[in-house]
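Comments concern the structure below.
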Amino acid sequence: MAVTRTLDQTRAANALDVVAKLRQGSGDRQDRSEWNDRYASYVESLPATILTCGLGQACAMLLAAARGDAKDPHLALYRHLQGWLCRNESGAVYPAGDLLEAVVNGDRYLYLRAQAEALAWLQWLKKLAVAYLKRPERTGGDAGDSAALQG
């Protein structure tokens, strides 16, 4: 019997899969931890960039920041967003292919739908990336921690 999921469950499952694959990534533990932390930071800021500049410009910024480096977390984030929005499945905004090309060549309705879907998917990716990939922020040490507890 096939399991029926809501669209939000499907978004969550896809985002969880992305994060799980990043956690298992290659490289030594310290390099992977630093890369994952940077990726999570980019995920955290992408929704605001989309709201401020639009989906197309946000995608262009990710590609520009990657500077063609296949190992750059900006490019990975672009590819993950592309994988969600551009796939040959029902419910996908665009067919499989390049996201920026689809955004530029699509109509206004699809653009607005893609932007809304990107923001909805990024809600899940952001929560999961922060939970599983982001390194804990360092505080002032034990003295600062006890002062905060007492204050």
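Values in this text are rule-based calculations from the coordinates and carry no lab data. This is a predicted model, so every value here is computed, not measured. Note that each Cβ is placed from the backbone with ideal geometry, even for glycine, and that neighbours are counted across all protein chains shown.
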Hypothetical label at Asp31: residues of region 52-80 whose amide nitrogen lies under 16 Å (7 Å Cα-Cβ projection): 69-73
Given the DSSP H assignment, sum -39500 (n - 2.57) over each helix run of at least 4 residues in the chain and divide by its residue total; what's the result at 222 nm in deg cm²/dmol, nearest 500? -23500 deg cm²/dmol
Given the options Leu128, Pro95, His74, identify the residue whose Cα lies farthest towards the positive end of the charge dipole of the chain (+1 on Cβ of Lys, Arg; -1 on Cβ of Asp, Glu). Pro95
Given backbone amide H placed at 1.01 Å from N, residues whose amide H is under 5 Å from that of Leu133, ignoring those fewer than 5 places away on the same chain, are none
Residues of type aspartates and glutamates that Lys126 reaches as a straight line, Cα spacing below 15 Å, ignoring anything fewer than 8 places off in the same chain: Asp8, Asp17, Asp37, Glu44, Glu117
Can you pull the Kirkwood radius for region 30-135, inverse mean 1/r over Cα pairs, to one decimal in Å? 13.9
At a 10 Å Cβ-Cβ cut-off, how would you order Val18, Val3, fewest neighbours first? Val3, Val18
For the chain, what is the charge dipole size about the Cα centre, in debye to the nearest 20, if Lys and Arg each add +1 at the Cβ and Asp and Glu each add -1 at the Cβ? 200
